Amino acid sequence: QVFRLEDYRPSDYLIPRTELDFRLGADNTRVVARLTIERRAGVDKPVQLELDGDGLTLRRIEIDGETVDAANFDATPERLVIYTPPASGHFTLLIETELAPSRNEALMGLYRSSKVYCTQCEAEGFRRITYFLDRPDILSVYTVRVEAERAEAPLLLANGNPVELGDLANGWHYAVWHDPFPKPSYLFALVAGDLGCIKDRFVTASGREVELGIYVEHGKENQAGYAMDSLRRSMKWDEEVFGCEYDLDVFNIVAVSDFNMGAMENKGLNIFNDKYVLADEETATDADFANIEAIIAHEYFHNWTGNRITCRDWFQLCLKEGLTVFRDHEFSADQRSRPVKRIAEVRTLRAHQFPEDQGPLAHPVRPRRYREINNFYTATVYEKGSEVVRMIRTVLGAETFRKGMDLYFERHDGDAATIEDFLKVFEDVSGRDLSQFALWYHQAGTPNLSVTASHSPATAEFTIEIEQSVPPTPAESRKRLMHIPLAFGLVGADGKDMAYGSAEGATVENGVIHVRKRKHVVTFSGVSERPVLSVNRGFSAPITLTVEQRPEDQIFLASHDSDAFSRWQAFNTLLTDATIGAFKDILGGKRPELSADLAALAGRIAGDGSLEHAFRALALAMPGEADIARDIGKNIDPDAIFTGREALARKMAEGNSGVFSQLYDNLRMSGPFSPDAASAGRRALRNTLLDYLAILPGGAARAAAHFASATNMTDRAAALAVLAHRHAGTEEAKEALAEFDKRYRGDPLVMDKWFMIQATAPGAGAVDAVKALTEHPAFSIANPNRVRSLIGGFASANQTGFHRADGAGYTFFAESVLTVEKRNPQVAARLATALRSWRSLEPKRQAKARAALLSMQAKEGLSADLRDIIERTLA
Ligand code: ARG
Ligand code: ZN
C-alpha cells in the first residue's frame, strides 16, 4: 500500500480523552481502553468508525456500557470497524485487547527488554496495543492505570504526572498517571519493572519545580550522572536560547537495552537505548559522551518541537525532526566548540545523507509518498532537515529567525502542524517570500554549484561565476532552480577578509550570495588585489561544490581562512584529492606520492598551538575509504582505494614522524579523567597521531603500549582499533583483543565496541571473522545494538571486507538480514540500506551485490519494511 501526501484528509472522528488500563503479564497482558469519541464538527451523518490495529486480539467491546451487536462491528488483527456508531456522534468506546509482551521481538508496541516492560509507539506502534485512530493529528488527553506484580515491577511509569499509587491483593500494586497535554498516540509510553534510579531537581525560569529521574539497570546508577547533567543543561539552554520551559512536574528517562533506534521523546517519559544514557570513563568513549549529551538534549527539545507542536501526518516528520536536530546541534555547539561541532556535522551529513540523496533511496526532506513510514527516519529527514532550518536562519538572520520561532510556538502550540505552517511564520515575521526556498523541502537531490573566479587588476574587479544544477533523483527527473545561500569571503594576502565596493549580479548581504538563478555572474568592485575566494563558509548550504582553485590557493585557505570550517575544508579537499590521485596511481600501476607541500602543511597544522586539538585531529584524519568512494562516484574498486589511501597515510607518517611522535608524547595526559570537550580533543589528536605512528617501524609495540597504559575507554578502544586494523594477526593484536574480551565480557555495550572493531578490520578475512563472531557468547541476533555493531559495522564501515571481490560479503550479509528480519523487520530494513550505493561499484561487484538484493527480494513472506527498501534499491 502506498500512502500519498495529497490524500490527507482529517478523520471523521476525534478522541478527546483516552483512558487506558493495563494489567501486566509477560505472556498475557490485558489492556482496557476507554475512548471518548466525538464526531468531528461538520461531519453530519453517522459515518462508520474505523480504528487501526496491528496483530491485535479483541476480547471485549462496549459502547456507552453496552455490548455491541455482532452485526454492528468487525474486528480483525488489523482493524476494528463500527458500522453504525451512535447517532449523537458522542460516545464512549470500551475495547479490551490481549497482548504477549514477552513474544514481541519487533520491539514496537509493548514489549519486554531484560524483564522490563516498555513501549515504543512511534510511528505506528500504538495500534499494536489497542485499536485506535493511530495518526499524529488525533490529540487526546491520556489517563493511564498500570497494574503489575510488585515483585516483578516495583516501578510503574507512564506519561505526565503521577496521580495515585496503591496496593492490591496478592502482591500486586497499581499506579495512575495523568498527562494534561493532549498528545498523539505515538507519544504514549509505559514502563514497568525493577530498575535503579538517580534523581535530581530542576526549577524552571518561572519557578516550576520539576523532579528529574533517570532509570537504569540496578548497579548502573553511577553511569547515569553524565546523562543527568546533560538533561539539566538542556533544560536551561532551551529556556535561554528558545524561551522554551518545561511543563510537567516530573521528567523521567528510562534506559533499556533492546531498542530499535536511539531514543524516543514520549511526553514526560523519554525511553532511551541504554547506549545513549550509560557512560563512565571505564566504559564509554568521548564520542559516546558527546552522543549522550546530544541525544538527551534532542529528546528533551522535542517537548516543544514535536510534542507541544506535533505533525499533522507522517509526511511532515521533518517538521519535528529536522528542527529538533538543528536545536540539538546548536546546543552542542554552545556547550562545546562551535567550529569543531560544525565540521563533525558536515562529516556526518556527507557520510550518511549524501549517499542517500545520490542513490536509489533519495527522497525529499518532506516526502510525498511512502509505503513504510519507518523507512523514512532517514538522514535526509533528520540531517538535511536540520540543514534546511539552519539555512532559514542564514537567510533571515538570527534575530528574525528567533522571532519566527516565537511566532511558531505562539501560533501553533497544541496543533498538529505542517511544513507550510512552519514556513509561513518565517514569511510573516520577515515579510519575505520563501516559496523558492521551500524547494529544499520538496525536491530531493544534492544541488551542485560550479564556481569560477577571476580578478582584473585593471578595473579592480573580482568576478565570481556561479552555476547551479540539481541532479535527477528517482521519480523526479526535472528539477527546479533553488535558492542557495552561499556564504563566502574574499581572503586577502594577510589572511583577513578584503572589503569591496559593491556587488552586482546577485543579492549579496552579510557575507552571503543568494544564488537563485541557473547562472550568476557576481562582480565585486573596488578589489585592487587578487583575493583567494572562500566559498560555502560554515557549510552554509548542503551542496556539492566544484570550485576551480589552484592547490596553492587551497593551501593558503587551509592556513589562513578566518572561517574555521573552510580552513578544515580546504585541507580536507587537498587530502581527498591526493588520495584520489593515489587511487589512480594504484590502478595505473604507479607508486603513489605525497607532495612535499601537503606533508609540510600537515606537520604545521599538527603543531599549530593556536588551533584547538579537536580541530587538528579532524583535519589530520585521512578521509575515509567511503568518503573517497563517494567522491569518485562510479566504477568503485574498494581494494584500490584502500591501497592508495594506505600508501598515502604511510607517506604522511614518514614525512612527519618527528613532529607527530614528539606531539604524541607531549599530549599524554595525567590527572583525573574529564569528558569535557577540551580534554576529549586532546585525546582525539593523540589517537589520530597514534594511527599514523602505528604505520612506522615499531608501530605494533607503540599501539600495544598505548593500549596497556590506557586509563579510559577512548584511549583503550583507539589503541585496540589500531592493533586490530593495522597489525591484524600479530601477537600484540591477539593479546589486546583477548584481554579486552576478558575484561568486558559482562558488559554488552562495551562488547559492542569489540565487535565493531573486528567487524571493520580491513581485508578479505573479515567475512569469516564476522561469521565466527556471530557465535560469540556476547553476541545476540535478537539485540539491535549487537546486530548494528557486528553486522552493521561490517556492512557499512568495512569497504574491503564487505565488498570482497568474490561477493562472499554480500551473501553473508543477505543471509544475516533475513535472519534479523524474522524477529525485527525494522532493524533488518535499516541494515539493508548498506547496499544502497551498489550501482557505483565496478561491474563485477555490482552484479554480485544485485544478486544478493535479488536473493532477499525472492524470499517468501518478506516484511513490508524490508521489501520497501529492497525494491527501491533495485528500481
Ligand atoms: N522520534 C525519535 C527521535 O527522533 C525516533 C523514533 C523513531 N522510531 C521509529 N520507529 N522509526 O528521537
Ligand atoms: Zn527526534
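Of Thr324, Thr310, all but one fail to be crowded, with 24+ Cβ neighbours inside 10 Å, part of a helix (DSSP H, G or I) and within 14 Å of ligand 1 (Cβ to nearest atom); the exception is Thr324.
Pick from segment 104-140 the residues that are among the β-branched types (Val, Ile, Thr) and within 26 Å of the chain's Cα centre (by Cα): which of them is nearest to ligand 1 (Cβ to nearest atom)? Only one residue tops the list, namely Thr119.
Arg804 meets all of the listed conditions (1) surrounded by 19 or more Cβ atoms within 10 Å (Cβ to Cβ); (2) assigned to a helix (DSSP H, G or I) but one, namely (2). The set of residues in segment 266-286 that are assigned to a loop (DSSP other than H, G, I, E, B) and either away from ligand 2 (no atom under 12 Å from the Cβ) or in contact with a strand residue (DSSP E or B) (Cβ under 7 Å, 6 or more places away or on another chain) (or both) comprises Lys267, Gly268, Val277, Leu278, Ala279, Asp280, Glu281, Glu282, Thr283, Ala284, Thr285. Can you tell me which residue is farthest from ligand 1 (Cβ to nearest atom) among those in segment 289-298 that are without any contact (Cβ under 8 Å) to a residue 40 or more places away in the chain and surrounded by fewer than 24 Cβ atoms within 10 Å (Cβ to Cβ)? Looking at the filtered set, the residue picked out is Asn291. Any idea which residue in segment 327-340 is farthest from ligand 1 (Cβ to nearest atom), counting only those that are over 15 Å from Ser234 (Cβ atoms) and in a helix (DSSP H, G or I)? My answer is Pro339.
Condition check for Ala795 on (1) surrounded by fewer than 24 Cβ atoms within 10 Å (Cβ to Cβ); (2) in a helix (DSSP H, G or I): one failure, at (1). Checked against the criterion of being over 20 Å from Phe272 (Cβ atoms) and not aliphatic (A, V, I, L, M), the candidates Gly160, Gly196, Gly171 yield just one match: Gly171.
Criterion applied to Leu317, Leu269 was being within 15 Å of ligand 1 (Cβ to nearest atom), under 17 Å from the mean Cα position of the chain (by Cα) and hydrophobic (A, V, I, L, M, F, W, C), and the one residue passing it is Leu317. Within segment 252-265, is there a residue that is part of a helix (DSSP H, G or I), more than 10 Å from ligand 1 (Cβ to nearest atom) and hydrophobic (A, V, I, L, M, F, W, C)? There is no residue in segment 252-265 that is part of a helix (DSSP H, G or I), more than 10 Å from ligand 1 (Cβ to nearest atom) and hydrophobic (A, V, I, L, M, F, W, C). Picking from residues in segment 293-304 that are hydrophobic (A, V, I, L, M, F, W, C) and more than 10 Å from ligand 2 (Cβ to nearest atom), the one that is nearest to Asp179 (Cα to Cα) is Trp304. Within segment 714-726, the presence of a residue that is in contact with a helix residue (DSSP H, G or I) (Cβ under 9 Å, 6 or more places away or on another chain) and in a loop (DSSP other than H, G, I, E, B) is excluded.
Results for (1) under 24 Å from Tyr174 (Cα atoms); (2) surrounded by 14 or more Cβ atoms within 10 Å (Cβ to Cβ), shown as yes or no for each residue.
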site: Pro16; (1), (2): no, yes
site: Asp27; (1), (2): yes, no
site: Arg30; (1), (2): yes, yes
site: Glu50; (1), (2): no, yes
site: Ala70; (1), (2): no, no
site: Thr76; (1), (2): no, no
site: Ile82; (1), (2): no, yes
site: Leu93; (1), (2): yes, yes
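Considering Ser863, Ser855, the condition of being hydroxyl-bearing (Ser, Thr, Tyr), closer than 22 Å to Cys121 by Cβ and either at pLDDT 95 or above or crowded, with 20+ Cβ neighbours inside 10 Å (or both) is satisfied by Ser863 alone. In a loop (DSSP other than H, G, I, E, B) and more than 30 Å from Thr418 (Cα to Cα): does that describe Glu211? No: the conditions fail for Glu211. If you filter segment 847-875 down to residues that are touching a strand residue (DSSP E or B) at 6+ places or on another chain (Cβ under 9 Å) and of a type outside the set (A, V, I, L, M, F, W, C), you find that the one that is nearest to Arg103 (Cα to Cα) is Asp868. For segment 612-631, the criterion of being farther than 28 Å from Ser562 by Cα and hydrophobic (A, V, I, L, M, F, W, C) is met by at least one residue.
Residues in segment 44-83 that are free of Cβ contacts under 8 Å to residues at least 40 places away in the same chain, over 23 Å from Leu190 (Cα atoms) and assigned to a loop (DSSP other than H, G, I, E, B): Asp44, Lys45, Val47, Gln48, Asp64, Gly65, Val68, Asp69, Tyr83. Of the helices (runs of 4 or more DSSP H) lying entirely inside segment 365-484, those containing at least 3 residues that are within 16 Å of ligand 2 (Cβ to nearest atom) span 385-396. Within segment 305-322, being hydrophobic (A, V, I, L, M, F, W, C) and more than 12 Å from ligand 2 (Cβ to nearest atom) holds for Ile309, Trp314, Phe315.
The values are calculated or read from the model by the stated rules, or taken from the named source; none is laboratory data. Everything numeric in this text was worked out from a predicted model, so none of it was measured. Cβ coordinates were reconstructed from backbone atoms using ideal geometry, including for glycine residues, and neighbour counts include every protein chain displayed.
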